[in-house]
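First, the structure itself, so that you have it in front of you.
The values are calculated or read from the model by the stated rules, or taken from the named source; none is laboratory data. These figures come from a predicted structure and were not determined experimentally. So basically every Cβ, Gly included, is an ideal-geometry build from the backbone, and we count neighbours across all protein chains shown. Just the protein is used for accessible areas: all its heavy atoms, side chains included, with ligands, DNA and RNA removed. Shrake-Rupley method; radii C 1.70, N 1.55, O 1.52, S 1.80 Å.
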Amino acid sequence: MKIIISSLIFVISFLGFSQDIPLKSNDLAPTENDSIINVISEYQFIDEENYPDAIIYAKSDAQQVYVVHQGIKMWCDQAVFYKKDNFLRALGSVRMNQGDSVLMNSKYAEYNGNTQLAFAAGKVNMRSPETTLSTDTLYFDRNKQQAYYRSGGTVKDTASTLTSRVGRFFMQEKKYQFIDDVVIVNPDYTINSSQVNFYTETGHAYLYGPSTIKGKASTVYCERGFYDTRNDYGHFVKKSRIDYNNRTVTGDSLYFNRVTNFASATNNIVVTDTINNSIIKGHYAEVFRDKDSVFITKRAVAISLQEADSVYIHADTLMVTVSRR
């Protein structure tokens, strides 16, 4: 049995059908600072059989259901509100707004006014000034100001598209933490990594675990590093390596600039040229790809492999120009 409620009228339907009665009252204007979730709608009713202990709010031809609670606003086609639990379910064309930090659309959402935890599902789209996140399900913790997904998501930045299986957005830091099968696709390169911390304001990406940055003319590998996705340069440590076609540069610390085709390395450097069968070692090096040249210093040595013999050249500084056969 459904009980249809207006602000002044109660109608009980004994014949198995009911009529929505418009609800218009100035007393229903929501107050943002209330601890209880506030809902305003032209229509409300009770359906104890399907939604026990709940009030159901429905949109009108003129406007959606409007929900407000302590700085968060929501619009939807229908809301099911459990006032005793301070818990609300939103259905149909859901929009959620928290200032400039969260602008979210979904098909369905839940919100707990006591814990300030929200859940959204069905073509979830969350926008911030710098990025747009798309996923199937999203959790939002207002107390921690964090949103996260666990079943795959895609983030579009001004320069790149980032995907991962698990992701978390820290709103105050404006930082994403991507975990598991992380891929960053840019028109000029693709990054694969185990974990990436990405800052939306700067486009800075911090790589953790086995990571590669693959472009048309080079591939960078590291197990810890930094890359500026908007200005195309990076710094890499821990098992770092740069492959330039037939030349490989390894070292404890590498710097790489894709725009200028320049790389530098420090400590335990090895430059291997497979075409000319040569190896160059030292503790500081600069590699100019466009000029096919390597500058190396600090206990520099060049080793040329010639048939069964090896020719060693030692010097304080070496400048090697590679000839292509």
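Suppose we keep just the alpha-carbon trace of segment 134-178; what are its Rg and Dmax in angstrom?
Cα-based Rg and Dmax for segment 134-178 come out at 10.2, 31 Å.
Rg (Å, one decimal) plus Dmax (Å, integer) for the alpha carbons of segment 40-92?
10.8, 33
Report the Cα-based extents of segment 147-247 along its three principal axes, largest first, to the nearest Å.
That works out to 44, 23, 20 Å along the principal axes.
Now for a different question. What's the local net charge at residue 215, with K and R +1, D and E -1, over the other residues with C-beta under 13 Å away? Present the calculation step by step, with values, prior to reporting the outcome.
Numbers: positive: 214, 216, 258, 289; negative: 188, 232, 243.
After counting each charged neighbour, the total is +1.
How big is Rg to Rh over segment 160-202, alpha-carbon atoms, Rh as the Kirkwood inverse-mean-distance radius?
0.97
From zero up to wherever the largest Cα-Cα distance of segment 245-325 sits, split into 10 Å bins and tell me the percent of pairs in each.
Going out from 0 Å in 10 Å bins, segment 245-325 shows 19, 55, 24, 2 percent.
Diagonalise the Cα gyration tensor of segment 70-195 and give the resulting equivalent ellipsoid semi-axes, square root of 5 times each eigenvalue, largest first, whole Å. Intermediate values should be presented prior to the final figure.
Numbers: eigenvalues 158, 37, 33 Å².
Result for segment 70-195: semi-axes of 28, 14, 13 Å.
Let me know the Kirkwood hydrodynamic radius for segment 223-291, please, with Cα pairs as the basis and the value in Å to one decimal.
Numbers: mean 1/r = 0.0824 Å⁻¹.
By the Kirkwood definition, the hydrodynamic radius is 12.1 Å.
Determine ³J(HN,Hα), in whole Hz, for all residues of segment 155-164 in sequence, where each value follows from phi through the Karplus function 6.51 cos²θ - 1.76 cosθ + 1.60 and θ = phi - 60°; x replaces Gly and Pro.
10, 9, 9, 5, 10, 9, 10, 10, 10, 6
Next question. For segment 169-325: lysine pairs with Cα atoms under 27 Å, gap of 8 or more or different chains, count?
20
May I ask you to list the aspartates and glutamates whose Cα is less than 16 Å away from that of residue 73, ignoring any residue fewer than eight positions away on the same chain?
Reachable aspartates and glutamates: 32, 34, 100, 110, 141.
Here is a further query. Taking the alpha-carbon set of the chain, what are its Rg and Dmax in Å?
Rg then Dmax for the chain, in Å: 30.0, 103.
Order these peptides, 76-88, 49-61, by their mean beta-carbon neighbour count within 10 angstrom, highest first.
Details: 76-88: 19.1, 49-61: 14.8.
The peptides rank, most packed first, as 76-88, 49-61.
What per residue convex hull volume, in Å³, do the alpha-carbon atoms of segment 170-325 yield?
Values: hull volume 17.7 nm³, N = 156.
Considering the Cα atoms of segment 170-325, their hull volume per residue is 114 Å³.
Ignoring ligands, DNA and RNA, please state the percent of accessible area on segment 78-234 from carbon and sulfur, probe 1.4 Å. Please report the intermediate quantities before stating the final value.
Numbers: 3250 of 6900 Å².
Roughly 47 percent, rounded to a whole number.
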